[in-house]
Every structure is written in structure tokens, then in C-alpha cells.
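Notes for the one structure printed next.
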Amino acid sequence: MANRTASRLLLGCLIAFLATKLGAKLVGPTVAAQRFVEAAEQEGARFPRGNPQAPPPTFGSMGPAERKCVEFPPNVDGKWAFHHPVSRRSGEFETGALISALRAGQPRKVWWSPLHNPQPAKAALIVRGTRLDQPEITSRFVSSHYGWPVMKDGRAHREYAFYPTRFGLPSAGRWLLIATSANDWGCFIVTVQ
């Protein structure tokens, strides 16, 4: 029993270490999953682009500005996201680390931040999900509620709009999520417990 606990601890440490070193490079172990990732990235390349002069995000996220799928490390012990709260960036989207702590059928607070302010276009957030190990299981989430960080003087910082959501997925497994808002696009892979 002690060996099993030590092995799990070692695996958790290894995953956390690799996540900090590799960031966006942790992608699917199966050929089928890799095909879904490639198809998503091809979609991202074809997806219309917004104004490239928008301000860069400042949430300290890991991941590429290119439209590539980014994987959150699995939440091995149920506490990883709380002890290592690093958000991820993909293309023109960032999302918060708590998405890596999702449990099947239990929505939780997850923020999604597009590069461009959604207010002028009245843009909705659309998140399409496909379970990589069972692609017939899909999910679609839509939200038109967005907000802004508030400065110390009480003014809204409208350049950094985000969608505060209660987001969930219906079943456990590895999910590929494509987030869009107007011309902003991002792709994330999460493991749901």
C-alpha cells in the first residue's frame, strides 16, 4: 500500500513538473485523439481572425498565441488546480486552471477570456466539446454573460473582458474543447474525473 501511495505521489510530481516545462506540448496518447486535435487545429487555421492589434492578455497563462490545442495536466489528486493555478492560452483565448478540476456532471466556476472585447459585437461564448475516447459523446455550452475586471477606483477595465461561467461536462474522460467568441478561437484538452 505504501508503494502504491509513493508511486501516485511520484506520478503527480512528474505530471506537474512536465506541465511547467512542456505547457502546450502535452497532447493525446492515441492516434484517434491526435486526429481530432489535428482537425480542430485545421478548423482554427480557417476560422476568421479579428483585429490583431487587440491588447495582449495579462493573466499569466501558459500556451501559444497560435491556434493550437493546449492540454491542462490531469488533476491527479483533486487539488492540483488549487495548488498550481496556471491558466492556459490557445490562439485568442485563455481559460482558468479550475477547468482541470472538473468532475462529470458537476459544473464549476470557469472563466474564459477572449482576446477581443465581446461587447461591441454582442458576441456569445460557444464551447463545443468532444470526448476523445468516445467521440460520439459531445457537449455544447453557450453564454452571453460577460464582465470585466474592476480597477481599484471602481472603473471596469473593458479591454480585458471575460465570460464568468458555471461550466461542466457530462461524463468522465479526456475532452477536446473548442471555444469561440466572434473571431476569437481557442482549443483546450481537459481530463474530467
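The values are calculated or read from the model by the stated rules, or taken from the named source; none is laboratory data. The structure presented is a predicted model; accordingly, all values stated were derived computationally and were not measured. Quick reminder, even Gly has a Cβ in these numbers, built from the backbone with ideal geometry, and neighbours come from all protein chains shown.
At a glance:
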read-out: Tally, over segment 109-129, of residues that are within 15 Å of C187 (Cα to Cα) and of a type outside the set (A, V, I, L, M, F, W, C); value: 4
read-out: P118 being out of contact with any helix residue (DSSP H, G or I) (no Cβ under 8 Å at 6 or more places or on another chain) and either assigned to a strand (DSSP E or B) or in contact (Cβ under 8 Å) with a residue 60 or more places away in the chain (or both); value: yes
read-out: Qualifying residue in segment 105-116 (condition: at pLDDT below 90 and either closer than 21 Å to T180 by Cβ or not aliphatic (A, V, I, L, M) (or both)); value: yes
read-out: Matching residues in segment 122-168 - criterion: being of a type in the set (G, A, S) and either surrounded by 19 or more Cβ atoms within 10 Å (Cβ to Cβ) or in contact (Cβ under 8 Å) with a residue 12 or more places away in the chain (or both); value: A123, A124, G129, S139, S143, S144, G147, A161, G168
read-out: Unmet requirement for G154, which otherwise passes all of (1) modelled with pLDDT of 95 or more; (2) over 18 Å from C69 (Cβ atoms); value: (1)
read-out: Residue in segment 146-169 that is under 17 Å from A39 (Cα atoms) and not in a loop (DSSP other than H, G, I, E, B) present; value: no
read-out: In segment 105-115, residue nearest to the chain's Cα centre (by Cα) [restricted to those that are part of a strand (DSSP E or B) and over 13 Å from Y146 (Cβ atoms)]; value: V110
read-out: So F36, is it out of contact with any Phe, Trp or Tyr (no Cβ under 7 Å at 6 or more places or on another chain), within 22 Å of L132 (Cα to Cα) and modelled with pLDDT of 90 or more; value: yes
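Every residue, every condition in (1) assigned to a loop (DSSP other than H, G, I, E, B); (2) among the aliphatic types (A, V, I, L, M); (3) at pLDDT below 85, yes or no:
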{"position": "P64", "(1), (2), (3)": "yes, no, yes"}
{"position": "N75", "(1), (2), (3)": "yes, no, yes"}
{"position": "R89", "(1), (2), (3)": "no, no, no"}
{"position": "I99", "(1), (2), (3)": "no, yes, no"}
